[in-house]
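The next block holds one structure in the form of structure tokens; read it before the comments.
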Amino acid sequence: MLRTIFTIGLLALLGLVALKVVFGLVGFAFGLLGLLLKIAIPVLLFAGVGYVALKIVAPDAAKRIKDGASGSSF
């Protein structure tokens, strides 16, 4: 009887440790995702503003960029 109680307690502690590890990794993943979003959003905004400005100044170049730069000589 006492052995069963200790076994259940040990399994409960192992479960708590496993949950702490899993949720710690999930928290790290969400933190990393947040960091990547903080970097990606300004880059996308800068690229979007640059594309709109290019479309106003040089519509042909903007069309080539949109089409995938298939007219490049590389």
| query | Based on what the data block shows, is ALA61 without any contact (Cβ under 8 Å) to a residue 12 or more places away in the chain, surrounded by 10 or more Cβ atoms within 10 Å (Cβ to Cβ) and in contact with a Leu (Cβ under 9 Å, 6 or more places away or on another chain)? | reply | yes
| task | Answer yes or no: is there a residue in segment 65-72 that is within 32 Å of the chain's Cα centre (by Cα) and assigned to a helix (DSSP H, G or I). | result | yes
| Within the bounds of segment 40-52, is there any residue that is assigned to a helix (DSSP H, G or I), surrounded by 10 or more Cβ atoms within 10 Å (Cβ to Cβ) and in contact with a helix residue (DSSP H, G or I) (Cβ under 7 Å, 6 or more places away or on another chain)? | yes
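Each reported figure results from applying straightforward, stated rules to the coordinates on display, with no laboratory input. The structure presented is a predicted model; accordingly, all values stated were derived computationally and were not measured. Cβ atoms come from the backbone with ideal geometry, glycine included; neighbour counts cover every protein chain shown.
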